[in-house]
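Worksheet: the structure to be examined is printed underneath.
The values are calculated or read from the model by the stated rules, or taken from the named source; none is laboratory data. Predicted, not measured: the structure shown is a model, and the values here were computed from it. Glycine also receives a Cβ, built like all others from the backbone with ideal geometry; neighbour counts cover every protein chain displayed. Ligands, DNA and RNA are stripped out before the accessible areas are found, and what is left, the full protein with its side chains, is counted by its heavy atoms. Shrake-Rupley method; radii C 1.70, N 1.55, O 1.52, S 1.80 Å.
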Amino acid sequence: MAQTVRGMRDIFGPEIAAWHRAEEVFRTISQAFGYEEFRTPMLEHTELFQRGIGQETDIVGKEMYTFVDRSGDSLSLRPEMTAPIVRAAIEHSLVRHTPVTRLWYNAALFRHERPQKGRYRQFHQYGAECLGSPWPEADAEVILLAYDVIKAIGLTQFRLEINTLGSSESRAVYRAALVDYLNAHRAEMSGDAQRRIDTNPLRVLDSKVEQDKAVIANAPRLRDHLDEASTAHFNAVLALLDAAGVPYTINPVMVRGLDYYCHTVFEFVTDALGTQNAIGGGGRYDPLFSMLGGGDTPAVGFSLGIERLLLLSEVEAGGWGEAARPDLYIVTMGDTARVPAGLIAMRLRRVGRTVVTDVLRRSVKSQMKDANRVRAQWVAVIGDEELQKGTVSLKHMDSGDQIEVPHTEIETALASRE
Ligand code: AMP
């Protein structure tokens, strides 16, 4: 009973401070790029994901938490955010009202995968979607946003890999050529790869199995099937990244599984997290709006795994980093000091100070111990003597300096050491 569901985790203690810092980065940098936060429900109609991601993908075919609710509707916990965002954009006619709609999210997602470090059944993604523009500037914009967020979190051990799938038309031509080639080599390939030839042939290129790699090495190349406009689009994206000084490597076999991707696809990868080497990724998904019954709306976006971002920052920094310190801990001596101490605490909290008081009626000694435990920057002691004088004695914990100040001047004293 008293245990989390397998693959799901509680987030608390030193880790929560890292979440707060990351969430602050998501908010400020998304805003700096002109993106607005968007929140959707955890549950969607199952059909949204079946149509938007595809029944043949692992995510929908094997990993979704799907159930029939009390009204008989088939609902699913969202396994990703792009389909819900596009659903919402269609439902609220967002793109009709704002030709370029820029949205970001920070959302809990659910996939019934085999849990391991860095892979959970409830996990979280930060991501952004730029809806309405077919131009390479939009592709570059979302990549720059993702890149700035990763940098602002403090990460260095990652790289950006990028590729193009070309227009939907040139991709279809390529897909046909690839299927012909793979069918000719079917017998040499793993069972998984053989199945994918029929369901999602581009995914075969992602295979990490040695026997598949040998076949893939000689497979027709996507770049030989690109039309001129597709090449121009990709080159423009790369030029924008060059101009912004964002380093990348072109990975010609990266396809990012999902069927709706076209043109630019990209991934942020790291070598510092073992097998869970993907921090996040994204790409252009022009066909998705019409797949979900919206008009023809070009779009591009990305998502980053928050647990992976934080694991990597923990690895790089050698720990979770420090939790925020309270400004003040008020130690009370005797019964009469409790009410005035509480009032001082409330006054300071209302001007933005973090103030902790004792609620266990502890001895002065154990209150001091507690102040040390929470790493308060200042300790105020209030007893009968101070009450009579209308003062508190303040101790600056790092330096050991002590001063006695009137109640009204505590705030000035706290501010003097910042
Ligand atoms: P995807 O939506 O599959 O492209 O995943 C985007 C990112 O989300 C990945 O690169 C990971 O950082 C993260 N991610 C995906 N699945 C999980 C999971 N089960 N647990 C933790 N993070 C995940």
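For segment 124-154, the tally of residues that are over 29 Å from Cys262 (Cβ atoms) and either more than 16 Å from the ligand (Cβ to nearest atom) or of a type in the set (Asp, Glu) (or both) stands at 2. Of the residues making up segment 73-93, just one is in a helix (DSSP H, G or I), within 12 Å of the ligand (Cβ to nearest atom) and open to solvent by 10 Å² or more (accessible area, probe 1.4 Å), namely Thr82.
Given the criteria of a type outside the set (Lys, Arg), touching a residue at least 24 places away in the same chain (Cβ under 8 Å) and touching a helix residue (DSSP H, G or I) at 6+ places or on another chain (Cβ under 9 Å), does Ala152 qualify? Please lay out each step first, then the result.
On the way: of a type outside the set (Lys, Arg): yes; touching a residue at least 24 places away in the same chain (Cβ under 8 Å): yes; touching a helix residue (DSSP H, G or I) at 6+ places or on another chain (Cβ under 9 Å): yes.
Spelling it out, Ala152 is indeed of a type outside the set (Lys, Arg), touching a residue at least 24 places away in the same chain (Cβ under 8 Å) and touching a helix residue (DSSP H, G or I) at 6+ places or on another chain (Cβ under 9 Å).
Among the listed residues Asp286, Asp296, which satisfies the condition of being away from the ligand (no atom under 16 Å from the Cβ) and in contact with a strand residue (DSSP E or B) (Cβ under 7 Å, 6 or more places away or on another chain)? Can you show your working first?
Details: Asp296 fails: in contact with a strand residue (DSSP E or B) (Cβ under 7 Å, 6 or more places away or on another chain).
Answer to the check: Asp286.
If we scan segment 51-59, do we find a residue that is buried (at least 17 other Cβ atoms within 10 Å of the Cβ), at pLDDT 95 or above and of a type outside the set (D, E, K, R)? For segment 51-59, residues buried (at least 17 other Cβ atoms within 10 Å of the Cβ), at pLDDT 95 or above and of a type outside the set (D, E, K, R): absent. Selection over segment 248-282 of residues that are touching a helix residue (DSSP H, G or I) at 6+ places or on another chain (Cβ under 8 Å) and not β-branched (Val, Ile, Thr) gives a count of 16.
Among the residues of segment 60-71, those identified as more than 21 Å from Arg195 (Cβ to Cβ), more than 13 Å from the ligand (Cβ to nearest atom) and either open to solvent by less than 50 Å² (accessible area, probe 1.4 Å) or in contact with a Leu (Cβ under 8 Å, 6 or more places away or on another chain) (or both) are Thr66, Phe67, Val68, Asp69.
Somewhere in segment 128-142, is a residue of a type in the set (Val, Ile, Thr) and surrounded by 22 or more Cβ atoms within 10 Å (Cβ to Cβ)? Spell out how you get there, then give the answer.
First pass over segment 128-142, keeping only residues of a type in the set (Val, Ile, Thr): 142.
Now drop any that are not surrounded by 22 or more Cβ atoms within 10 Å (Cβ to Cβ), which leaves 142.
Within segment 128-142, one or more residues are of a type in the set (Val, Ile, Thr) and surrounded by 22 or more Cβ atoms within 10 Å (Cβ to Cβ).
Scan segment 159-187 residue by residue and report those that are touching a residue at least 60 places away in the same chain (Cβ under 8 Å), in contact with a helix residue (DSSP H, G or I) (Cβ under 6 Å, 6 or more places away or on another chain) and closer than 12 Å to Leu202 by Cβ.
Kept after step one, since they are touching a residue at least 60 places away in the same chain (Cβ under 8 Å), are these residues of segment 159-187: 159-168, 170-171.
From what's left, in contact with a helix residue (DSSP H, G or I) (Cβ under 6 Å, 6 or more places away or on another chain): 164-167, 170.
Matches in segment 159-187: Leu165, Gly166.
Mind telling me which of the residues Arg114, Arg121 ends up being modelled with pLDDT of 95 or more, within 16 Å of the ligand (Cβ to nearest atom) and exposed (fewer than 13 other Cβ atoms within 10 Å of the Cβ)? Let's see the steps before the verdict.
Numbers: Arg121 fails: exposed (fewer than 13 other Cβ atoms within 10 Å of the Cβ).
Residue meeting the stated conditions: Arg114.
Looking at the structure I just gave you, is Arg159 surrounded by fewer than 16 Cβ atoms within 10 Å (Cβ to Cβ), closer than 30 Å to Gly321 by Cα and touching a Phe, Trp or Tyr at 6+ places or on another chain (Cβ under 9 Å)? When the stated conditions are applied, Arg159 passes them.
If I ask for residues that are part of a strand (DSSP E or B) and of a type in the set (Phe, Trp, Tyr), which ones from segment 102-137 would you list? Residues satisfying the conditions are Trp104, Tyr105, Phe110, Phe123, Tyr126. Apart from one condition, Glu404 fits all of (1) open to solvent by 50 Å² or more (accessible area, probe 1.4 Å); (2) out of contact with any Leu (no Cβ under 9 Å at 6 or more places or on another chain); the exception is (2). Across segment 364-390, the number of residues qualifying as part of a loop (DSSP other than H, G, I, E, B) and under 9 Å from Val331 (Cα atoms) comes to 1. Given the condition within 16 Å of the ligand (Cβ to nearest atom) and free of Cβ contacts under 8 Å to residues at least 12 places away in the same chain, answer yes or no: does some residue in segment 239-260 qualify? No; the residues of segment 239-260 include none that is within 16 Å of the ligand (Cβ to nearest atom) and free of Cβ contacts under 8 Å to residues at least 12 places away in the same chain. Of all residues in segment 204-238, those satisfying the criterion of being assigned to a loop (DSSP other than H, G, I, E, B) and in contact (Cβ under 8 Å) with a residue 60 or more places away in the chain are Leu226, Asp227. None of Glu316, Glu307 is charged (D, E, K, R) and either open to solvent by less than 30 Å² (accessible area, probe 1.4 Å) or under 30 Å from His92 (Cα atoms) (or both) except Glu307.
Where residues in segment 261-274 are within 12 Å of the ligand (Cβ to nearest atom) and within 19 Å of the chain's Cα centre (by Cα), which of them is farthest from Glu137 (Cα to Cα)?
Initial filter on segment 261-274 (within 12 Å of the ligand (Cβ to nearest atom)): 261, 265-270, 273.
If we keep only those that are within 19 Å of the chain's Cα centre (by Cα) too, we end up with 265-270, 273.
On the way: Val265: 14, Phe266: 15, Glu267: 18, Phe268: 19, Val269: 23, Thr270: 26, Leu273: 31 Å.
So the residue we want is Leu273.
The condition of being hydrophobic (A, V, I, L, M, F, W, C), touching a helix residue (DSSP H, G or I) at 6+ places or on another chain (Cβ under 7 Å) and in contact (Cβ under 8 Å) with a residue 12 or more places away in the chain holds for only one of Val364, Val374, Val381, Val355, that being Val355. Taking segment 239-264 as the range and being among the hydrophobic types (A, V, I, L, M, F, W, C), within 16 Å of Ala146 (Cβ to Cβ) and modelled with pLDDT of 90 or more as the test, the residues that pass are Leu240, Leu241, Ala244, Val246.
Among the conditions (1) out of contact with any Pro (no Cβ under 7 Å at 6 or more places or on another chain); (2) at pLDDT 95 or above; (3) over 30 Å from Lys151 (Cα atoms), Glu24 misses just one, which is (3).
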